[in-house]
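Q: The following block contains the structure, expressed as structure tokens.
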Amino acid sequence: TKTISKCYVQVTGMTCASCVANIERNLRREDGIHSILVALMAGKAEVRYNPAVIHPSAIAELIRELGFGATVMENCGEGDGILELVVRGMTCASCVHKIESTLMKTNGVLYCSVALATNKAHIKYDPEIIGPRDLIQAIKDLGFSTSLVKRDRSASHLDHKQEIRQWKRSFVVSLVFCIPVMGLMIYMMVMDSQLADAHAHHNLSKEEMEALHSSMILEYQLLPGLSVMNFLSFLLCVPVQVFGGWHFYIQAYKALKHKTANMDVLIVLATTIAFAYSFVILLVAMAEKAKVNPVTFFDTPPMLFVFISLGRWLEHVAKGKTSEALARLISLQATEATIVTLGPDNVLLSEEQVDVELVQRGDIVKVIPGGKFPVDGRVIEGHSMVDESLITGEAMPVTKKPGNTVIAGSINQNGSLLISATHVGADTTLSQIVKLVEEAQTSKAPIQQFADKLSGYFVPSIVAVSVVTLFAWIIIGFVDFEIVEKYFLGYNKSISAAEVIIRFAFQASITVLCIACPCSLGLA
């Protein structure tokens, strides 16, 4: 007997089914090649050959001569089938041993492990020799009942509905509270500029300026040190900090737990520090019964959260669109197949309905008019028109006669066909497309990985810069107080110089944090 070996060749440059047919037709003529199966979407050829006559490198060379790129794949484990089963009726460790030992003795089983606690069996097998139905039958013969682990056929793991909802909610909450805060801020700016004009034209004294300033409705003090403006800003900021920033806090906590710093950490740092600082400053001012209202940063968190949650919301909406397309693709797959047994002269002996996952390579599958093709295969008997528009986009049905290939998911129209399964399970064209789209979704563009890497350094460096700012101003203040006095307007003369310096230094360092936060890198 000839020994038959199997190898896989990665083929590039195939564009359509005729390329596949071309490779298969030409290689079958060669000496020493037993059979060849080419998968278009996976770009992979599985070749069974006689090693005494021909080598894998020579096979790849033959494919190259036809005008395609070809390299021999080293890891040939990809051809192994993997089966996950639920096994019922096991009572103890000896049952487990019985199943494992029986299966391992079976020809074609490469690996088998059975877990008593979860009632699950994990089997690796060679699809050339044995198939899932044989394995299930072998376990049934031992007296256990078994069934397939039900796969989630919907693309629910790719569904972004929940994230879209939560970011939209986060955005709306932040926006509702952000608009009045912005309104207050703009009003204050306008009033301040008017005051400055009055000061320029009428040469008012500092006391008169302060009197004018405090006569503005927003600067009116409800309690000593607590102005209407600061009180309103505080009230509007709290809900945003809690509801708008909720998801950011969770993400930042997770990131810090894994000792990494991402954009969420920066956002949380900036908003929390701005909020906490402003809150503390207010309390201090109230304790001091300050005449001049302190400068607070309550406007920062709502505005930051608005920008960033809007960005996140849009991002998930875009992702959701791709997933929707993928979910539709997955739903095109047939769920059941009719397997037939043929006698001599292709006489139908029996037929049975099985789960698509149980179809083995080489099975004869019957497809009735109006039915979907459950697997990729080759027509053995019958003539029909087939609608392949889901893969090719071609609206006109394609004629199929014995010898033609058919694609899983396409729809049989007028005649009954018998096909021989060539690609089953994860190897069908449709599964490969789904896999490609999934991989495209999960993999990142190089620039995105670069940005992620940068933000890893970016966050700690921003924090460092703001800490440096804090200490630098404290030092400058104690060395030369006049500089601080020049830039820190409207501070109360009644408080000590040291306190003025500390407040100013904090203000400067928080400004650094808040400005670095909605940078284009983070938003993008």
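Q: Once both labels are modelled 7 Å past Cα along the beta-carbon direction, what's the Lys150-Leu283 spacing in nm?
A: Result for the modelled spin labels: 5.5 nm.
Q: Given (i) 2.90; (ii) 0.92; (iii) 1.50 as candidate values of Cα Rg over 2.2 N^0.38 Å, which corresponds to the one derived from the coordinates?
A: It is the one labelled (iii).
Q: Can you order the peptides 327-334, 111-118, 402-409 by their average number of other Cβ atoms within 10 Å per residue, highest first? All intermediate terms of the calculation are to be shown ahead of the outcome.
A: Working: 327-334: 16.1, 111-118: 13.4, 402-409: 19.6.
Per-residue Cβ counts within 10 Å, averaged per peptide and sorted highest first, yield 402-409, 327-334, 111-118.
Q: Additional query: From the protein chains alone at 1.4 Å, what is the descending order of accessible area for Ile250, Ile368, Ile474, largest first? Working shown, then result.
A: On the way: Ile250 60, Ile368 95, Ile474 35 Å².
Ranking Ile250, Ile368, Ile474 by accessible area, largest first, yields Ile368, Ile250, Ile474.
Q: Let me ask something else about it. Sort Phe373, Phe481, Phe297, Phe450 by heavy-atom solvent-accessible area, probe 1.4 angstrom, most to least.
A: Phe450, Phe481, Phe297, Phe373
Q: If I take R0 = 41 Å and measure r between the Cβ atoms of Ile502 and Val242 in this structure, what FRET efficiency does the formula 1/(1 + (r/R0)^6) give, to the nearest 0.05? Write down the numbers at each step before the final one.
A: Numbers: r = 28 Å, r/R0 = 0.69.
About 0.90, to the nearest 0.05.
Q: Summarise the accessible area of the chain (1.4 Å probe, protein heavy atoms) by the percent that is carbon and sulfur. Working shown, then result.
A: Working: 17190 of 27830 Å².
Summing carbon and sulfur atoms, their accessible area is 62 percent of the total for the chain.
Q: May I pose another question? I'd like the FRET efficiency for Ala21 and Ala318, computed as 1/(1 + (r/R0)^6) with the beta carbon distance as r and R0 of 35 Å, rounded to 0.05.
A: Working: r = 39 Å, r/R0 = 1.10.
For R0 = 35 Å, the calculated efficiency reads 0.35.
Q: Of the peptides 273-283, 28-38, how do they stack up when ordered by the mean number of other Cβ atoms within 10 Å, highest first? Numbers along the way, then the final one.
A: Values: 273-283: 18.6, 28-38: 15.3.
The peptides rank, most packed first, as 273-283, 28-38.
Q: Is the shape of the range 334-429 rounded, prolate or oblate, going by the alpha carbon gyration tensor and its root eigenvalues a ≥ b ≥ c, with a/c under 1.5 for rounded and a/b larger than b/c for prolate? It would help to have the intermediate numbers written out before the result.
A: Working: a/c = 1.81, a/b = 1.28, b/c = 1.42.
Taking the square roots of the gyration eigenvalues as a ≥ b ≥ c, the range 334-429 is oblate.
Q: Quick one: accessible area per residue over the range 1-122, 1.4 Å probe, rounded to a whole number of Å²?
A: Values: 6480 Å² over 122 residues.
With the other protein chains kept in place, the range 1-122 gives 53 Å² per residue.
Q: Based on the alpha-carbon gyration tensor of the range 5-72 and its eigenvalue square roots a ≥ b ≥ c, which shape applies: rounded if a/c is under 1.5, prolate if not and a/b is larger than b/c, or oblate? Please list the in-between numbers first.
A: On the way: a/c = 1.70, a/b = 1.61, b/c = 1.06.
The shape class here is prolate.
Q: Work out, step by step, the length gained on full extension between Ala276 and Ile475: first 0.36 nm times the residue separation, then minus their alpha carbon distance; give nm to one decimal.
A: Values: separation 199, 0.36 × 199 = 71.64 nm, distance 2.35 nm.
Between Ala276 and Ile475, full extension yields an extra 69.3 nm.
Q: Could you tell me which helices of the chain pass both thresholds, a Cα extent of 15 Å or more along their own axis and a mean Kyte-Doolittle hydropathy of at least 1.0, with helices taken as whole DSSP H runs? List each step's numbers first, then the result.
A: Working: long enough: 17-28 (17 Å, -0.14); 93-105 (18 Å, 0.15); 161-202 (60 Å, 0.35); 228-239 (18 Å, 1.99); 246-257 (17 Å, -0.28); 263-288 (37 Å, 2.05); 300-331 (46 Å, 0.42); 429-442 (20 Å, 0.16); 446-479 (48 Å, 1.42); 497-516 (29 Å, 1.71).
Long hydrophobic helices here: 228-239, 263-288, 446-479, 497-516.
Q: I'd like to compare 51-60, 300-309: which one has the highest average count of other Cβ atoms within 10 Å, and what's the full order after that? Walk me through the intermediate numbers first.
A: Details: 51-60: 15.7, 300-309: 24.5.
Ranked from most to least packed, the peptides come out as 300-309, 51-60.
Q: Please work out the ratio of the alpha-carbon Rg of the range 161-332 to 2.2 N^0.38 Å and round it to two decimals.
A: Details: Rg = 21.3 Å, N = 172, 2.2 N^0.38 = 15.6 Å.
Cα-based Rg divided by the globular estimate yields 1.37.
Q: Okay, next question. In nanometres, what is the gap between the two model label sites at Tyr220 and Gln413, each 7 Å from Cα along Cα-to-Cβ?
A: Once both label points are built, they end up 8.0 nm from each other.
Q: Calculate the FRET efficiency for Ala58 and Leu454 from the Cβ-Cβ distance with a Förster distance of 60 Å, rounded to the nearest 0.05.
A: Between Ala58 and Leu454 the formula returns 0.80.
The values are calculated or read from the model by the stated rules, or taken from the named source; none is laboratory data. Quantities reported herein were computed from a predicted structural model and do not represent experimental measurements. Every residue, glycine as well, gets a Cβ built from its backbone with ideal geometry; the counts of neighbours run over all protein chains shown. When the accessible area is computed, the model is the full protein with side chains, heavy atoms only, and any ligands, DNA or RNA have been set aside. Shrake-Rupley method; radii C 1.70, N 1.55, O 1.52, S 1.80 Å.
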